[in-house]
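Visitor: Quick one: the structure is below, questions incoming.
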Amino acid sequence: MLSEKEHIRYSRQIQLEEIGVSGQEKLAQSTVVIIGMGGLGCPAAQILAGAGVGTLRLVDFDVVSVQNLPRQTLYRTSDIGQPKVDCASQALSALNPHLTIETITERFTTGNGADIVRDADLVIDASDNLQARYAINDVCVSLNKPWVFGALYQFQAQLSLFNHNNGPSYRCVFPEKEATIEDNCSIAGVLASVPFTVGGMMAHEALIYLLGFESSLSGWLYIKDFRDGSEQKVAVQKQSDAFSKAMSNMNGQKNHSELPMEISTDQLQQWIAEGRSVQQIDIRELWETPRLSSLEVLTIPMNDLPLQLDKLEKSDPIVIICQHGMRSLDMTHYLREKHHIKNATSLRGGVAAITQNSVSYE
Amino acid sequence: MKIHVTYFGKLADVTGTKREEFELDEGRLVSDLLHEIESTYPMEQAPYAVSVNHRIVESSHSLVSNSEVALLPPFSGG
């Protein structure tokens, strides 16, 4: 039920015959996940918050940088260095105090994605890399969730509503992620108005879906060139192998036959950069320094770990970390031999190697 | 037969043009057109999907005169 204050706030929407009080209540009861709080995610979140979508779950692992400010309009200069999801949450709560804003300061991967998406009505892919886009597709396909897709290259945009009403998904257009160099906005450049417009279109598509209106994007890849104004709608047929490709990628996370006993700090960084879901466990005693401040590192001292095996991920690689890589190697042997936890591996050189290689854990 | 090709995203940078025309024999397939394009430009720099007359197709799709072909790389930015 909408409160009297909400009736007044949303009156311009409610007075539209197609929406009314029932449509506004639908929005209030909806949960939307927004993955990526950058150029597309900021305007999308702002519109959905203003329009009264009851729960917004914001996913982004990054912090605000000065180069973000021209187009990522939820952030202020004083937010530089702060987690994007925290700054966005504050701005959106100030815009509309009637909402629930949830924040997840993690990369979205096939490992953590299902838990993030499971109870949501809709997912918005406002990410900035193909690894995330395939992960979003595969998680949404595995859970049968619709998702609004938006992506940019300089002045051009691609949009769709994928996986809606048994419709096509991203892999029906781009079957496999190919190993080529990507051109995100930080490499290719971007004019502020383009992501702002496209993020707004994505929010519009989300509202269309949540209100139960017919989508004009499902089954199509819409392409707009904001330089010359041209546009195309390309029909996408559902491909029979797109589902199996998505499921195979989801299940691929569980295959650890090639996981070595030890990995290097470079390898760990590469996995993280690739968006691979990795569980990092610091088994040092609590007094040992320097501490790893990353939210992605779980601290379980060595002697406590055998009692807390239920905290270990079943499918993701588990990277065991100690000060110099000796205890972690012992622990990896122990986990593999004694408890058949084959997805455990030891970080060679431990925290000392991380510090030496100046790997940022902030 | 005349085939109109539009290059999107990075492919316009690779080919140096957004749009061009190809002259192919009747009955040629998308794969024949792609072979010609790939022998002219370093297309391996970006993967792409192909649409013909506004429909995503396989490379075995037959072209007809005045087909509108678009080469669509996946965009990653956001």
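Any read-out appearing in this document is the output of simple, stated calculations on the displayed coordinates, not a laboratory observation. These numbers were taken from a predicted model, which means no experiment stands behind them. Please note: Cβ atoms are built from the backbone with ideal geometry, for glycine as well, and neighbour counts cover all protein chains shown.
Visitor: Please list, by residue number, every one of the trypsin sites (Lys or Arg not before Pro) in region A:67-137 that is coil in DSSP and has at most 16 other beta-carbon atoms within 10 Å.
Guide: Hits after loop and neighbour filter: A:Arg76, A:Arg118.
Visitor: If the elastic network links every pair of Cα atoms under 10 Å, which of A:Ala157, A:Ala192, A:Ala94 fluctuates the most in the Gaussian network model of chain A?
Guide: Highest fluctuation among the options: A:Ala94.
Visitor: With a cut-off of 8 Å between alpha carbons and a minimum separation of six or more residues, what is the relative contact order of region A:95-196 in percent?
Guide: Contact order relative to length: 23 percent.
Visitor: Moving on. Could you tell me the distance between the Cα centroids of region A:134-170 and region A:189-241, to the nearest Å?
Guide: 10
Visitor: Suppose every K and R has +1 on its Cβ and every D and E has -1 on its Cβ; what is the size of the dipole of the protein assembly as shown about the Cα centre, in Debye to the nearest 20?
Guide: It works out to roughly 680 debye.
Visitor: A follow-up question, please. Within 10 Å of each residue's Cβ, count the other Cβ atoms and sort B:Phe22, A:Phe149 from fewest upward. The partial results should precede the final answer.
Guide: Details: B:Phe22 18, A:Phe149 29.
Ordered by Cβ neighbours within 10 Å, fewest first: B:Phe22, A:Phe149.
Visitor: Which aspartates and glutamates, if any, have their Cα less than 20 Å from the Cα of A:Lys233, not counting same-chain residues under 8 positions apart?
Guide: Here the aspartates and glutamates satisfying the reach criterion relative to A:Lys233 are A:Asp125, A:Glu205, A:Glu214, A:Asp225, B:Glu20, B:Glu58, B:Glu68.
Visitor: Further question on the same structure: Counting only other chains, what is the mean number of Cβ atoms within 10 angstrom of the Cβ of each residue in peptide A:216-226? Don't skip to the end; give the middle numbers.
Guide: Numbers: counts 0, 0, 0, 0, 2, 6, 0, 7, 0, 5, 0.
Mean number of neighbouring Cβ atoms from other chains: 2.
Visitor: Determine the dipole magnitude for region A:76-185: charges of +1 sit on the beta-carbon of Lys and Arg, -1 on that of Asp and Glu, nothing else is charged, the reference point is the Cα centre, and the result goes in debye to the nearest 20.
Guide: 140
Visitor: Sequence gap at least 6, Cα distance under 8 Å: using those rules, report the relative contact order of region A:1-143 to the nearest whole percent.
Guide: Computed over region A:1-143, the figure is 27 percent.
Visitor: Sticking with this one: Once you've got the GNM for chain A with C-alpha springs shorter than 10 Å, pick whichever of A:Leu335, A:Leu58, A:Leu27 has the biggest mean-square fluctuation.
Guide: A:Leu335
Visitor: Give me a comma-separated list of calculated 3J(HN,Hα) values for region A:300-311, in order, Karplus coefficients 6.51, -1.76, 1.60 applied at θ = phi - 60°, integers in Hz, x for any Gly or Pro.
Guide: 9, x, 2, 6, 8, 4, x, 8, 10, 5, 5, 7
Visitor: Give me B:His4, A:His340 ranked fewest to most by other Cβ atoms within 10 Å of their Cβ, as a rough exposure proxy.
Guide: Ordered from fewest to most neighbouring Cβ atoms within 10 Å, B:His4, A:His340 come out as A:His340, B:His4.
Visitor: Okay, moving on. Only bridges whose two residues both fall in chain A count here: according to DSSP, what percent of them are antiparallel, nearest 5?
Guide: Taking every DSSP beta bridge with both residues in chain A, the antiparallel ones total about 35 percent.
Visitor: A further question on this structure: Determine, for A:Phe61, A:Phe174, the number of other Cβ atoms within 10 Å of each Cβ, and report the residues in order from fewest to most.
Guide: A:Phe61, A:Phe174
Visitor: Still on this model: What percentage of all Cα-Cα pairs in the protein assembly as shown are separated by more than 39 Å?
Guide: 28
Visitor: Also, quick follow-up: Contact order normalised by length for chain A, with contacts defined as Cα pairs under 8 Å and 6 or more residues apart; what percent is it?
Guide: Relative contact order, chain A: 14 percent.
Visitor: Now a separate question. Could you give the size of the charge dipole of region A:1-132 about its Cα centre, using +1 on the Cβ of each K and R and -1 on the Cβ of each D and E, expressed in debye and rounded to the nearest 20?
Guide: My answer is approximately 280 debye.
Visitor: For A:Lys145, go through the lysines and keep the ones whose alpha-carbon is under 16 Å away, minus same-chain ones fewer than eight residues off.
Guide: A:Lys238
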